[in-house]
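Please treat every number below as a calculation from the coordinates, not as lab data. All of these numbers come straight from a predicted model, not from anything done at the bench. Cβ sites come from the backbone with ideal geometry, for glycine too, and all protein chains shown count toward neighbours.
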Amino acid sequence: MDIFYYTKYNPGDIIDRLYLVYISVKKRVMYFEDREKLNMKGFFNQILRIDLSKRTFQYEAISDEILTKTLGGKGLGTYLLMRENPVGVNPLSPENVFIIAVGPVTGTKMWSQSRFGTYTKSPATEGYGESYCGGALAPKIKGCGVDAILLEGGCASLSWLAIDENGVTFHDAAVLRGKETYETEAAILAHSREGAGAMVIGPAGENRVAIACIKSYKWRSLGRGGMGAVLGVKNVKGITFAGTKDCEVADEEKLKNLIKAIAQKGKESPVTELYQKLGTPMQVKVTNTQKCFPTRYWQSGRFSGWASICADYMQANFEVKAHGCPNCFLRCTKKSVIKNGRHAGLEVEGPEYETIYAIGGLNAIEGLEEVAWLNDVCDRLGIDTMSAGNISSFAIRSMTRTSSRK
Ligand code: SF4
């Protein structure tokens, strides 16, 4: 059962409420006074601040000066993280701010524009945490009319959020507790506006596993740094984005010419065709030949079983379809279905090179089918495949060393 809330303040004392109203009016006035200085093309000059504890949200202006200094999603996300996060904050506490940011080319026709970043204090390293994701979500985030979104505090119970150009709605997610990522994503999208995209966590994020990731479009990941655990601690099971606002660019004609010029370079490059056909798994052969393919917990750069986890093996033993993020001619992603064996019929996106080396090379697993299956297990639970592969190979290495000393 969904419960819809727009802005709703906690019942508190009257002074608190009046103060909130005063701050909000003051910010609005400043916003209109500064409007003249808020003119940076490629941006909306606006961030969305969501207070999960109070179930409120507000828009705040972000000046040209800051956007000029930070220039792009990574700079803006990092700037906001440094500005907003309390010093010494526990990454696994609701006080750890979670930021989603997009850049000036997001939502334009520029190649590879469909990426966004998240920024927080990492539960995996207890330091600066950033993670990036492809797929088709980035333009829908930007279409909400914001350059960045800040999540503060934590929901009182498991929830999911829907964000569009009109603001934020909070939904109860109790029925999704413990659900895997694919199921969670399908469930919240079924209750969302047409054309919406989502990011979700699985059981790993809910249980605050430090290597939990966030998934989007089933197989796309905000993999690094334990982003899923941060959403988990905030009791946010997922977020949908359905923005359709267009952002003005400074010079349409110049942008068009730049896009054409890049396309021409891409056409001329032999690497483009290779990425389109083989995708990132082609790196297995390249790195193994150069003796730098991560093998047996980084003990070697050559894996004897490399031929069973490389791109050629994939082409021969999987049904492979090239596919890519919107506006990307590289189309490096491969939707692949296993043809034979105990995992026949299993569909994954990839496996990508990073997953192949972390799960396959580091753990000396032969057979891309087994790598794809473990990839799928991690995706469903919402666990970063690179971290999982590293940790399991570390465990194997430690056990081997211990038993050889006995
Ligand atoms: S298709 Fe590949 S290269 Fe293109 S944006 Fe997506 S991940 Fe990047």
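A compact table of results
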{"item": "Eligible lysines near Lys74 by straight Cα distance, threshold 16 Å, same-chain separation 8 or greater", "result": "Lys121, Lys142"}
{"item": "Sorted by Cβ density within 10 Å, fewest first, the residues Val89, Val284", "result": "Val89, Val284"}
{"item": "Least to most buried among Ser304, Ser112 (fewest other Cβ within 10 Å first)", "result": "Ser304, Ser112"}
{"item": "Calculated FRET value between Met82 and Ala344, using beta carbons and R₀ = 45 Å, to 0.05", "result": "0.35"}
{"item": "Trypsin sites (Lys or Arg not before Pro) restricted to DSSP loop in segment 271-324 with at most 10 other C-beta within 10 Å", "result": "Lys291"}
{"item": "Angle in degrees between helix 181-190 and the longest Cα principal axis of the chain, rounded to the nearest 10", "result": "40"}
{"item": "Proxy reagent accessibility, fewest Cβ within 10 Å first, across Asp251, Asp51, Asp64", "result": "Asp251, Asp64, Asp51"}
{"item": "R0 of 22 Å, Cβ-Cβ distance Arg193-Asp246: FRET efficiency to nearest 0.05", "result": "0.80"}
{"item": "Gained length - Glu319 relative to Glu253, 0.36 nm times residue gap less alpha-carbon distance", "result": "19.7 nm"}
{"item": "Charge dipole magnitude, Cβ of K and R +1, D and E -1 - the chain, Cα centre, debye nearest 20", "result": "920"}
{"item": "Relative compactness, the chain, computed as alpha-carbon Rg over 2.2 N^0.38 Å", "result": "1.04"}
{"item": "Inter-label distance for Leu92 and Gln264, nm, one decimal - labels placed 7 Å from Cα along Cα-to-Cβ", "result": "5.5"}
{"item": "Two-site FRET efficiency, Thr400 against Glu183, from Cβ-Cβ distance with R₀ of 41 Å, rounded to 0.05", "result": "0.65"}
